[in-house]
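Before any comments, here is the structure.
Values in this text are rule-based calculations from the coordinates and carry no lab data. Treat the numbers as computed from the prediction; the structure is a model and nothing was measured. Because the Cβ atoms are built from the backbone with ideal geometry, glycine has one as well, and the counts that use them run over all protein chains shown.
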Amino acid sequence: MKNPPALRCLFRPFATMALLGLACLVASCSRKSESTAAGAPGTTRPTVGSVKIGFLVKQPEEPWFQLEWKFADQAAKALGFTLVKIGATDGEKVLAAIDNLAAGGAQGFIICTPDTRLGPAIVNKAKAARLKLISVDDQFIGADGQPMKDVHHLGISASKIGENVGAILAGEMKKRGWAAADTAVCAITFEELATAKDRTDGAIRALIAAGFPKERIFKAPLRTPDIPGSFDAANVLLTQQPGVKHWLVCSTNDSGVLGAVRALEGRGFGPETAVGIGINGTDCIVELEKEKPTAFFGSILLSAKSHGFTTCEMMYNWIKDGVEPPRDTRTVGMLITRENFRQVLREQGIRD
Ligand code: FCA
């Protein structure tokens with residue numbers, strides 16, 4: 001039986017609302033499952049209809065990046081957005097991840113790229129997919145070989161932090177009364193990455209400024225930026241320089257110094273004859289916890305919270321309220337050693 005016209009008018013809004021309600025329910029259900037699938041290997045539970053942000057890192061096995069993700073997770077929880085964490089270890093994975101994020105309804109992503117020269121390709125892909133983009137840690141390099149300053153970036157003050165490492169090494173050498181004539185610097189370098197080069201350049205600059213002889217500073221280039229890579233690089237140098245009695249070690253990060261410390265141990269060097277200072281402060285915790293001190297003296301602890309939480313907060317505010325983040329944000333670090341690392345890590349929310 002047909003409804004009279006007057007009733008039909010009355011029914012129509014209800015029917016429309018019911019239909020709309022049903023549509024919303026279906027949409028929200030599909031969105032939930034979709035974000036879970038896209039979220040593998042790890043997502044923070046979505047609020048329906050909420051903001052979705054990707055966080056791509058180049059070396060997911062490195063404690064530094066795990067900590068960035070931990071703080072990103074905290075931001076997702078505090079602000080109520082969906083976080084999609086993706087380990088993107090090569091260019092192909094990065095480009096596929098951006099496609100997946102776009103298909104999954106994300107509005108933006110934060111990335112530490114496996115290769116800074118992918119910058120232009122990442123920017124193009126993000127633009128085409130209308131995704132907002134912030135680079136973290138490693139700044140994109142454009143086709144002209146220069147940093148892509150128009151891409152929003154949060155990274156460390158690499159030169160300053162490197163100089164800090166160099167000054168501390170010079171101070172430790174002085175404290176130990178080592179003569180420059182039988183001391184040498186082992187700088188484990190990764191010069192194809194600007195932030196890595198700035199760090200070791202800074203350390204070398206500060207050592208020279210402190211009076212260390214330039215000709216006793218040796219660079220050992222990394223083939224792969226990890227502990228085995230640094231172990232190999234240091235071994236090559238140690239074979240070439242058998243007469244050195246004391247070694248000062250710097251690198252781009254903790255892994256770079258840890259590999260060198262292991263290589264030094266293989267040749268009988270320990271905390272009495274070698275001093276290494278890392279950068280990150282997150283990948284050396286086990287080393288500092290060892291009962292017996294090693295030549296790994298300390299590290300410049302970076303602010304994983306700024307790199308993980310703040311980048312997410314910036315992205316969230318940009319997506320949600322149109323608040324554009326600053327183009328370039330630089331963070332600082334502080335020295336941790338066996339003396340203070342437990343307390344500092346607790347204060348920074350890294351360890352309980
Ligand atoms: C680079 C390094 C990481 C970390 C980060 C801040 O990406 O590879 O280990 O130091 O900068």
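What value in Å³ per residue do you get for the convex hull of the alpha-carbon atoms in the chain? Display every interim value, and only then the final one.
On the way: hull volume 55.2 nm³, N = 352.
It comes to 157 Å³ per residue, whole-number rounded.
What residues qualify as long-range amide H neighbours of Gly298, i.e. H under 5 Å apart, gap of 5 or more or another chain, H built at 1.01 Å from N?
Hits under the 5 Å cutoff: Gly276, Gly278.
Suppose R0 equals 25 Å. What FRET efficiency, 1/(1 + (r/R0)^6) with r the Cβ-Cβ distance, do Lys292 and Thr239 give to the nearest 0.05?
The formula returns an efficiency of 0.45 here.
For a quick check of your reading of the filter: which chymotrypsin sites (Phe, Trp or Tyr not before Pro) in segment 127-210 sit in a DSSP loop and have no more than 12 other Cβ atoms within 10 Å?
Here no loop site has a sparse enough neighbourhood.
For every helix of n ≥ 4 consecutive DSSP H residues, a contribution of -39,500 (n - 2.57) applies; sum these over the chain, divide by its total residues, and give [θ] at 222 nm rounded to the nearest 500 deg cm²/dmol.
Computed mean residue ellipticity for the chain: -15000 deg cm²/dmol.
Sorted from largest down, what three extents in whole angstroms do the Cα atoms of segment 158-302 have along their principal axes?
Computed over segment 158-302, the largest-to-smallest principal extents equal 33, 31, 27 Å.
Pairing the Cα long axis of helix 158-176 with the longest principal axis of the chain, what angle in degrees results, from 0 to 90 and rounded to the nearest 10?
On a 0 to 90 degree scale, this one is about 30.
Any chance you could run the full-extension gain for Asp182 through Lys320? It's 0.36 nm times the residue separation minus the Cα-Cα distance, nm to one decimal.
43.7 nm
Greater than 23 Å separation of Cα atoms is the criterion. Which listed pairs, Lys58/Lys132; Lys127/Lys160; Lys77/Lys160; Lys85/Lys125, meet it?
Violating the 23 Å Cα-Cα cut-off are Lys127/Lys160; Lys77/Lys160.
In Å, what is the Rg of the alpha-carbon atoms in segment 292-352, and how long is Dmax?
15.8, 52
Which longest run of the chain has no exposed loop site in it, a site being GluC sites (Glu not before Pro) in a DSSP loop with at most 16 other beta carbons within 10 Å, and the site itself not part of the run?
By the stated rule (loop sites, at most 16 other Cβ atoms within 10 Å), 62-190.
Simple spin-label model, 7 Å along Cα-to-Cβ: Ala78 to Ala128 in nm?
Result for the modelled spin labels: 3.6 nm.
Could you check the spin-label model distance between Lys93 and Glu192? Points 7 Å from the Cα along Cα→Cβ, value in nm.
About 1.6 nm, to one decimal.
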